[in-house]
1. What dipole magnitude, in Debye to the nearest 20, does the chain give about its Cα centre under +1 on Lys/Arg Cβ and -1 on Asp/Glu Cβ?
2. Would you calculate the separation in nanometres between label points at H141 and D98, each defined as 7 Å from the Cα along the Cα-to-beta-carbon direction?
3. Using a Förster distance of 41 angstrom, determine the FRET efficiency expected from the C-beta separation of I225 and Q119, and round it to 0.05.
4. So what is the 222 nm mean residue ellipticity for the chain from helices alone, if each DSSP H run of at least 4 adds -39500 (n - 2.57) and you divide by all residues, rounding to the nearest 500 deg cm²/dmol?
5. Which entries in the list K188/K311; K86/K228; K188/K368; K311/K350; K210/K350 go over 25 Å, if you measure between the two C-alpha atoms of each?
6. Nearest 0.05, what FRET efficiency do L361 and T214 give at R0 = 35 Å with Cβ-Cβ as r?
7. Could you order peptides 178-189, 160-171, 290-301 by the average number of other Cβ atoms within 10 Å of their residues, highest first?
8. Over all distinct alpha-carbon pairs, what is the Kirkwood Rh of the chain in angstrom?
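The values are calculated or read from the model by the stated rules, or taken from the named source; none is laboratory data. Keep in mind the model is a prediction, meaning the values are calculated, not measured. When we count neighbours, we look across all protein chains shown, and the Cβ atoms used for this are built from the backbone with ideal geometry, even at glycine. Heads up: the accessible areas ignore ligands, DNA and RNA and are worked out on the full protein's heavy atoms, side chains in. Shrake-Rupley method; radii C 1.70, N 1.55, O 1.52, S 1.80 Å.
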Amino acid sequence: MAPKGDNVVVSNMKLEKLLSMKGGKGEGSYANNSQAQALHARSMLHLLEEALDSVQLNSPDVPFVVVDLGCSCGSNTIYIIDVIIKHMIKRYESSGYDPPEFSAFFSDLPSNDFNTLFQLLPPLANNGGSSMEECLASNGHRSYFAAGVPGSFYRRLFPARSIDVFHSAFSLHWLSQMPETVLDRRSKAYNKGRVFIHGANESTANAYKKQFQTDLAGFLRARSIEMKRGGSMFLVCLGRTSVDPSDQGGAGLLFGTHFQDAWDDLVQEGLISSEKRDNFNIPVYAPSLQDFKEVVEADGSFTINKLEVFKGGSPLVVSRPDDATEVGRALANSCRSVSGVLVDAHIGDKLSEELFLRVELRGTTHAKELLEQLQFFHIVASLSFA
């Protein structure tokens, strides 16, 4: 384990108790900085609907249960649940069945801002006291019963054989923990001078890869118990096209360049020690298609209907691409919305402000380059449980 500095070493804490997207509705919140995820999700709707077409239709007397794993606290999860349920209603009706009642579980770590999410939920049609047909006909209302489920999706969350559809987008690249060797100064995998895997040595990269594959194996093992026979799972996570795990593609450009340089600035200015920087690592791994496929095949519980790399586009959504200041602010807010909670806990709110200010300034200086080069690729997996 890495030696402790003056403040909390976030990397050594249980991430499950701390990790979350930035809550609330402020400028740096996930709710206000997840437009790119929304655009990327919409571009993959046809793949989601293909996956839903493989789901076995059960008796309308049995509730149909949908889960979004890693739901976070913005409106994207609500939109996706709505898409899934509407598609399944069409499938039931086209097969000559009345739709069943629907139940949706929104699941994320206990540190997630569920309050903001629940405030975004539309009301249940007619307070849930009417028939499903009346619920479905109500505009601006939801046609499903909703609940939040706190906990890590790398372990069991639901009763056996209880879920029809699992959905998870932009979450599985988050590791359950930092590999201990990456934090150990005596180890070859010690990630000295870096806050992310991008550009790291082979030992560090392999430690990240091993942790990702261990986590994914646990995820699949849990879902294979919880899913109903004939159920389906649609998974999207950051991916990469390079065979080299230290080349993290878009994630590398997001966390391994200007974000990294901002940490180096704090060290050079004497605001933090180099040890404090080295004890912080972003617990993200963008797998290759092969990294992902090896784990699914080793588990053996799921049939692979589709497994591909999908070009998602830029994580930066700006209204004025020629405005370098807006691009810089978008970069800082994008980094902050997903890593701000960890940074705050590691160096405190005041230094966190200094860090992201430097990210913004560097992003402003390199605005044109960022818009041209910062592109995300995603691993898209459609899996069935026979």
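1. Around 680 debye, computed over the chain.
2. If labels sit at H141 and D98, their model points lie 1.7 nm apart.
3. Efficiency, from the Cβ-Cβ distance: 0.80.
4. Calculated at 222 nm, the ellipticity per residue is -13000 deg cm²/dmol.
5. Check vs 25 Å cut-off fails for K188/K311; K188/K368; K311/K350; K210/K350.
6. It comes out at approximately 0.40.
7. 160-171, 178-189, 290-301
8. Roughly 21.6 Å, rounded to one decimal.
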